[in-house]
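Each remark here refers to the structure printed beneath this line.
The values are calculated or read from the model by the stated rules, or taken from the named source; none is laboratory data. Everything quoted here is computed from the prediction, not taken from an experiment. In this analysis, Cβ positions are derived from the backbone assuming ideal geometry, glycine residues included, and neighbour counts consider all displayed protein chains.
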Amino acid sequence: MPKVATCWALLLLICSTSLPADEVQLKNGHMLRGRVVSDDGKQVLLQVPEGSMWIRRSQIESILRLSPEKTLIEECHRRLERGSPGSALPFLRREFHASPHRDEVLLIYRKSLVAEVELLLDREKMDPALSLWNEYCSLPGSTPESLPLRSRILAGEQLLASLEGQIHLSLEVNRPHDALVGIGQLLDRFPSERWKWADIRVDVMVEAARRLHDSGDLSAAAPLLLEAVILRPQLITRVRSAMAHCAFQGFGLSLEDALELSPDEPALHLAAAQNARLRGSVLLQSKHLSRVREMVGDEIFPGRIEHQLRQRASQELAGMPSLEPSVQQLLERTNQKLWKQWRLPYSPPARTPFRVHEDVETMRETLGLDCGPALLITQMQYGRVLSETLHLAPGTPFLDQDALPREMMRRYLPLILGQPRGLPPWLEEGICSISRGSLALARDRMLLSRAKRYKSLPDLSRLTSMQASIDDEVYRAACGSLVAWIIEDVPLIRLPDLFELLATSELEHCLSKVTRADTLLELQQAWIRRLDSGS
């Protein structure tokens, strides 16, 4: 049936100007006009000018099949008359390039573009208005010079040039804060220019944060440092100490997240000991103070410790290379984090077999695999693990936040599942993704927000069946977000049963047990609402 519906949809797209439109009356009082492509008794596939949509049969009051004279072109005319021409533009674009009735489409296409440009200008949305205006000018028979809108479009182009000039001037006179404000103003008015300013914005952000940090304004520096490293993870070696200094003073990252990022920073352990004392946790206070003494000696001078951190942060922000922890230290910290997060039994392994490679390219050539900077290779025989080796490229930035905890988590999946069984790719990636560091998870949220804004968010039915590239960050972020939501209210002790159910059953059959969604469509809609809320 799905193949038949797809064939009908393609046929209808080709012949859509001459085939009938239908009216679907919903139980909530709304009416949708389009073309019913398929109806299997449970769901109806309706083609509308914006695209296609599935509607549950239980939500439909009635369907009125209209005569062949009522076409989707007439629906586009109706939307133009009622003041919503933009909703018909996706359909008109397709029809203009594919329909044999091109002249009929062209007339309403031009009118809809001009009307939508005028509406956008009235709402002061200059950026999309400029884009649609250029689209209008490219169409045959367009007469932009004779339209009253032209002067308003020229004013918008002049505004863009003026904002760009102010930014360049701020950069020339070495005023990064003013340049950052200017870039923000430009992107607010012209979001489509983001590609041009993305790298410059991050560079300016780091320089502005450096000056704020060195002047002592840590409250203003902290959010800039955090945003910069989320946008460009390679900056972590440059901003790590500065973020620790901000957290020590109570800005930016929480102490817990800062300690995850810089576990050998005595100032952070000193601040954590102070917090533990205020909460009355003597054992935790003693633990952190012991850690401080291990690093600085028996005598603790808080002022000196903070001064050293501030000085190191300033030097790293100015470009001085930072000290990288050893591979063994990274493995020990990651093990401890995963054990705490998932409350795994027994104790973390004393040693993880690993092999170090010079860089990712060398690692890929040696292994003959398309892999990231961390890869766990397991050899098994008849379900029994013979050997495990973790391959690493230690010089890779963000390794301890992203690739390392993700691959280490693969090693411990049997401890969570209770048996060494395989999982669907989306589920395995999701579990491993939510086990990463706080900055990696923050980057996931940014990537998903961007994907939603550009309408490239993965469809869940495709997400749960696709095999993605190792470099597909959005795929991993989406898997992690989905798994985090599904297990949100599930006690850890019940996770093995839930993962077993998800691994062996159709996802749609499991949804009602852990969410309020009964179908993948409902799950998709609820997931998007969750992303909108920032969860």
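Worth pointing out:
- Residue within the range 383-390 that is crowded, with 19+ Cβ neighbours inside 10 Å, of a type in the set (Val, Ile, Thr) and either in contact (Cβ under 8 Å) with a residue 24 or more places away in the chain or not in a helix (DSSP H, G or I) (or both) present: no
- Pairs where the first residue, in the range 314-326, is touching a residue at least 24 places away in the same chain (Cβ under 8 Å) and exposed (fewer than 14 other Cβ atoms within 10 Å of the Cβ) and the second is of a type outside the set (Gly, Ala, Ser) and in a helix (DSSP H, G or I), C-beta under 8 Å, 6+ apart: Ala318/Arg210; Gly319/Arg238; Pro321/Thr237
- Any hit, the range 110-121, residues being assigned to a helix (DSSP H, G or I), basic (Lys, Arg) and buried (at least 18 other Cβ atoms within 10 Å of the Cβ): yes
- Contacts under 8 angstrom Cβ, first residue in the range 213-234 being within 19 Å of Ser322 (Cβ to Cβ), partner basic (Lys, Arg) and surrounded by fewer than 23 Cβ atoms within 10 Å (Cβ to Cβ), 6 or more apart: Ile230/Arg443; Pro233/Arg443
Table: residues versus (1) touching a strand residue (DSSP E or B) at 6+ places or on another chain (Cβ under 9 Å); (2) at pLDDT below 95.
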| residue | (1), (2) |
| --- | --- |
| Arg304 | no, no |
| Gln315 | no, no |
| Pro321 | no, yes |
| Pro353 | yes, yes |
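- Annotation note: Cβ proximity below 8 Å between a residue of the range 500-529 that is closer than 19 Å to Leu457 by Cα and of a type in the set (S, T, N, Q) and a residue that is part of a helix (DSSP H, G or I) and modelled with pLDDT under 75 (sequence gap 6+ or interchain) occurs for Thr519/Glu508; Thr519/Leu511.
- For the range 129-157, the tally of residues that are free of Cβ contacts under 8 Å to residues at least 12 places away in the same chain and either over 22 Å from Asp188 (Cβ atoms) or surrounded by 14 or more Cβ atoms within 10 Å (Cβ to Cβ) (or both) stands at 9.
- Options Glu124, Glu118, Glu74, Glu104: the member that is of a type in the set (Asp, Glu), over 23 Å from Ser146 (Cβ atoms) and touching a residue at least 24 places away in the same chain (Cβ under 8 Å): Glu74
- Elements of type helices (runs of 4 or more DSSP H) contained in the range 210-308, each with 2 or more residues being under 24 Å from Met446 (Cβ atoms): 218-231, 236-248, 255-261
- Leading residue by the ranking (farthest from the chain's Cα centre (by Cα)) among those in the range 362-382 that are among the β-branched types (Val, Ile, Thr) and part of a helix (DSSP H, G or I): Thr366
- Exactly one residue out of Val483, Val474, Val490 is of a type outside the set (Asp, Glu) and part of a loop (DSSP other than H, G, I, E, B), and it is Val490.
- Candidate set from the range 391-435 (those that are surrounded by fewer than 16 Cβ atoms within 10 Å (Cβ to Cβ) and free of Cβ contacts under 8 Å to residues at least 40 places away in the same chain); member that is farthest from Trp342 (Cα to Cα): Gln419
- All of (1) part of a helix (DSSP H, G or I); (2) in contact with a helix residue (DSSP H, G or I) (Cβ under 8 Å, 6 or more places away or on another chain); (3) not small (Gly, Ala, Ser) hold for Gln401 with one exception: (1).
- Taking the criterion of being under 27 Å from the mean Cα position of the chain (by Cα) and either surrounded by 15 or more Cβ atoms within 10 Å (Cβ to Cβ) or not in a helix (DSSP H, G or I) (or both), the residues of the range 339-361 that qualify are Trp339, Trp342, Asp359, Val360.
- Cβ separations smaller than 7 Å between residues 6+ apart or across chains give the following pairs from the range 460-474 residues that are small (Gly, Ala, Ser) to residues that are surrounded by 11 or more Cβ atoms within 10 Å (Cβ to Cβ): Ser461/Leu520; Ala468/Tyr475.
- A residue that is farther than 19 Å from Leu423 by Cβ and either loosely packed, with under 13 Cβ neighbours inside 10 Å or among the hydroxyl-bearing types (Ser, Thr, Tyr) (or both) can be found somewhere in the range 477-495.
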